[in-house]
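Novice: A single structure is presented below for examination.
The values are calculated or read from the model by the stated rules, or taken from the named source; none is laboratory data. No experiment lies behind these values; they were computed from the predicted model shown. Please note: Cβ atoms are built from the backbone with ideal geometry, for glycine as well, and neighbour counts cover all protein chains shown. Accessible surface is based on the protein model in full, side chains and every heavy atom, while ligands, DNA and RNA are left aside. Shrake-Rupley method; radii C 1.70, N 1.55, O 1.52, S 1.80 Å.
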Amino acid sequence: MQQHCHPIRSGTFGTQRQITSYHYGDSEDRHVYIQAALHCDELPGVAVAWYLKQQFSTLESQGKLRAAITLVPVANPLGFSQHLQGQPLGRFDSLSGQDFNRQFPALGESLAARVEPNLGDNAEHNRRVIRDAIDDYFNDYWPATELESQRAILMKMACKADLMIDIHCDWEAVAHLYTTPQAWPQVSVLGHYLGCQTALIADISGGEPFDEACAEPWYTLQRHFSAQYPLPEALKPVTLELRGARDVSHEQARQDAQGIIDGLTALGYIDGPVPPLPEFPAPLEAELAGCEYLTAPHAGVILYTREPGEWINAGEVVAEILDPISDQLTPLVCQHAGLLYARHWVRFATAGMLVVRLAGGEAKREGPLLVP
């Protein structure tokens, strides 16, 4: 195992933050990248990453790694420095107001000009050409801000992977994941080992999140050159949502770390017998554009009537919003049947606040598809 420290460009006097990464295995061909806590108030992944550090070290010493593995347990030092009266403010950058998991840059068009003169008739050669071009892009890149510097460090490591796993969690939720249609066949295996109940799939979800930004160069290069040159498979991105923000424990972290190890073994990144798939069902495949988001029509106390993980039929009530001044009690009724996969963890809603999300409906939503 090698430990690397990546200095982030300082934003002001007397501060210097850094990202720490851990590197296992010596494969020059296959690469897995895993990070946690890009949103700093989402801590299940940090505990999982700690267990993964130990398991990867053991597997490396046993010669069982078939891929180079990069692990970043804390992907957002900037966010971890933000607190207000004891509360972590780890989703949005306090200086710019930007979500830490949005507005990552698109590299594909720039890389196309860099790689075209060097592409050849061998897919593995072309993989190295693309990875070298990614390194060159970021070596030439000069970030204007501390946030841009942090984004560039993460992307330089992650964009070169075959499989990229970004670990998050939701408010109160069942385990679920996000990925692209191209990556879904392999990502579904990983999701099954982790007990994900649904997979939310989209080509473009809007907002330039980290997972899609890492895959974008590979998809763009395939569009440009796949008819002329043999290209390697594109990076497979997955954002894992490991239940809710309070679901943090040794037992759960051990189980999730083992689920990731089992998935990587089944996909051939770790040597060993393929573990049997868990007895529970594979994740429900659902288009992100088909998710139903229910918002509060007025302010009030949230009284939930259904739990995460339940299947809700069209026309059923999932929560009620109580205004004790006007005695208004408004039911939140789902329009389409679906799996209640996430709900807000607070119990007071302001008017228009997102309260409940369901997966499994017909794809009708357009524009930005992710939670703001």
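Novice: If residue 42 satisfies every condition in (1) out of contact with any Asp or Glu (no Cβ under 6 Å at 6 or more places or on another chain); (2) touching a residue at least 60 places away in the same chain (Cβ under 8 Å); (3) open to solvent by 40 Å² or more (accessible area, probe 1.4 Å); (4) in a loop (DSSP other than H, G, I, E, B) but one, which is the exception?
Specialist: (3) is the only condition that residue 42 fails.
Novice: With the condition kept exactly as written, say whether any residue in segment 224-232 is part of a loop (DSSP other than H, G, I, E, B), polar (S, T, N, Q) and over 17 Å from the mean Cα position of the chain (by Cα).
Specialist: yes
Novice: Same structure again: Scan segment 189-220 residue by residue and report those that are in a helix (DSSP H, G or I) and open to solvent by less than 30 Å² (accessible area, probe 1.4 Å).
Specialist: Answer for segment 189-220, where residues must be in a helix (DSSP H, G or I) and open to solvent by less than 30 Å² (accessible area, probe 1.4 Å): 190, 191, 192, 193, 210, 211, 213, 214, 215, 217, 218, 220.
Novice: Please count how many residues of segment 94-147 are of a type in the set (Lys, Arg) and either assigned to a loop (DSSP other than H, G, I, E, B) or open to solvent by less than 70 Å² (accessible area, probe 1.4 Å) (or both).
Specialist: 3
Novice: Select from segment 246-291 the residues that are open to solvent by less than 20 Å² (accessible area, probe 1.4 Å) and not in a helix (DSSP H, G or I) and write down the one among them that is farthest from residue 194 (Cα to Cα).
Specialist: Among residues in segment 246-291 that are open to solvent by less than 20 Å² (accessible area, probe 1.4 Å) and not in a helix (DSSP H, G or I), the one farthest from residue 194 (Cα to Cα) is 291.
Novice: Further question: Taking interchain pairs and intrachain pairs at least six residues apart, which have beta carbon atoms under 7 angstrom, with the first residue in segment 51-66 and without any contact (Cβ under 8 Å) to a residue 12 or more places away in the chain and among the hydrophobic types (A, V, I, L, M, F, W, C) and the second open to solvent by 50 Å² or more (accessible area, probe 1.4 Å) and outside any strand (DSSP E or B)?
Specialist: From segment 51-66, no pairs qualify.
Novice: Enumerate the pairs (first residue in segment 101-117 and under 13 Å from residue 224 (Cβ atoms); second residue anywhere and at pLDDT 95 or above and in a loop (DSSP other than H, G, I, E, B)) with beta-carbon separation below 8 Å, excluding pairs fewer than 6 apart on the same chain, so at least 6 apart or on different chains.
Specialist: 107/159
Novice: Is it the case that segment 169-184 has a residue that's touching a helix residue (DSSP H, G or I) at 6+ places or on another chain (Cβ under 7 Å), acidic (Asp, Glu) and either under 22 Å from residue 287 (Cα atoms) or surrounded by 22 or more Cβ atoms within 10 Å (Cβ to Cβ) (or both)?
Specialist: no
Novice: Residue 337 fails exactly one of the following numbered conditions: (1) surrounded by 20 or more Cβ atoms within 10 Å (Cβ to Cβ); (2) at pLDDT 95 or above; (3) of a type in the set (A, V, I, L, M). What is the number of that condition?
Specialist: In the conditions (1) surrounded by 20 or more Cβ atoms within 10 Å (Cβ to Cβ); (2) at pLDDT 95 or above; (3) of a type in the set (A, V, I, L, M), residue 337 misses (1) alone.
Novice: Please go through segment 156-168 and pick out each residue that is in contact with a helix residue (DSSP H, G or I) (Cβ under 7 Å, 6 or more places away or on another chain) and either part of a loop (DSSP other than H, G, I, E, B) or hydroxyl-bearing (Ser, Thr, Tyr) (or both).
Specialist: 159, 160 - these are the residues of segment 156-168 that are in contact with a helix residue (DSSP H, G or I) (Cβ under 7 Å, 6 or more places away or on another chain) and either part of a loop (DSSP other than H, G, I, E, B) or hydroxyl-bearing (Ser, Thr, Tyr) (or both).
Novice: What residue, among those in segment 307-332 that are open to solvent by less than 50 Å² (accessible area, probe 1.4 Å) and assigned to a loop (DSSP other than H, G, I, E, B), is nearest to residue 351 (Cα to Cα)?
Specialist: Filtering first and then ranking leaves 308.
Novice: Those residues that are assigned to a strand (DSSP E or B) and surrounded by fewer than 16 Cβ atoms within 10 Å (Cβ to Cβ), I need them from segment 1-39; list them, please.
Specialist: 2, 3, 4, 5, 7, 18, 20, listed by residue number.
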